[in-house]
Amino acid sequence: MTFFRRFSAVTLLPLLVACSGGESNKDPVAEAKFKNESRISNEAVTKKQEQDAEYVVNSANRNMFIQEISQVAQRKSTSANVKYLAQSLIAQHTTAQTALQTLAAQKSLILPKGLGGDQADQVGELVALTGAAFDKKYAELLVRTHKMAIEAADDMREEAYDGDIRTFADQQVSTLKQHLEAAEQLEDQLDK
């Protein structure tokens with residue numbers, strides 16, 4: 001029986017290595033979540049801590065996504081209102097991302113190094129658009145992303161296991177609501 005286990009391990013290892021994708025095939029968000037879950041489960045801590053880690057990773061992904069689409073809007077939009085909002089969001093989400101990076105470092109959490117696959121696809125779709133279609137899609141993405149961010153922060157400011165993560169989520173809600181309001185106003189202007 002021991003021989004069979006050793007033989008299987010030696011035989012399967014090269015297959016597993018060969019079948020594993022290269023670094024470029026990995027989704028940075030999924031990879032960060034996996035590493036955090038592995039670390040947390042190795043330390044035998046609670047599901048609430050896993051939720052905390054997932055919130056931090058998702059928040060980082062949303063910040064990067066808003067920064068990315070806003071940078072694209074700065075380059076592609078011909079609307080002064082779109083460019084103004086994009087500039088403001090880049091600055092504010094950069095500040096939020098820096099605070100999140102500090103928090104993640106304090107909690108030994110791993111953040112994604114790039115956008116998740118879905119968000120990267122959405123950026124690609126946005127980049128392909130021009131003119132009014134681009135502006136409307138940008139506003140739509142901002143509204144949707146900020147609604148998700150508010151919902152997540154609202155949940156975490158009450159449910160987070162870690163007090164610092166709870167405080168971070170609480171501090172984000174009012175700013176995110178202001179961003180949502182601005183995005184909805186932009187969306188209304190673009191629909192006229």
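The values are calculated or read from the model by the stated rules, or taken from the named source; none is laboratory data. Predicted model only: the values in this text are computed from it and were never measured. Neighbour counts are summed over all protein chains in view; Cβ atoms, including those assigned to glycine, are modelled from backbone coordinates with ideal geometry.
Tabulated values for the structure
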{"quantity": "Segment 108-148, residues that are assigned to a helix (DSSP H, G or I) and closer than 19 Å to A30 by Cβ", "calculated": "G117, D118, Q119, A120, D121, Q122, V123, G124, T145, M148"}
{"quantity": "Filter result for the condition that a residue is among the hydrophobic types (A, V, I, L, M, F, W, C), crowded, with 16+ Cβ neighbours inside 10 Å and not in a loop (DSSP other than H, G, I, E, B), over A86, A99, A91, A105", "calculated": "A86"}
{"quantity": "Residues of segment 51-83 satisfying the condition of being more than 30 Å from D155 (Cα to Cα) and without any contact (Cβ under 8 Å) to a residue 40 or more places away in the chain", "calculated": "Q74, R75, A80, K83"}
{"quantity": "Hey, V56 modelled with pLDDT of 95 or more, part of a helix (DSSP H, G or I), β-branched (V, I, T) and surrounded by fewer than 19 Cβ atoms within 10 Å (Cβ to Cβ) or not", "calculated": "no"}
{"quantity": "Cβ-Cβ under 7 Å pairs, at least 6 apart or on other chains, segment 153-171 side closer than 21 Å to Q92 by Cβ and part of a helix (DSSP H, G or I), far side modelled with pLDDT under 90 and not polar (S, T, N, Q)", "calculated": "none"}
{"quantity": "Residue in segment 137-147 that is closer than 18 Å to A86 by Cα, surrounded by fewer than 15 Cβ atoms within 10 Å (Cβ to Cβ), out of contact with any helix residue (DSSP H, G or I) (no Cβ under 7 Å at 6 or more places or on another chain) and modelled with pLDDT of 95 or more present", "calculated": "yes"}
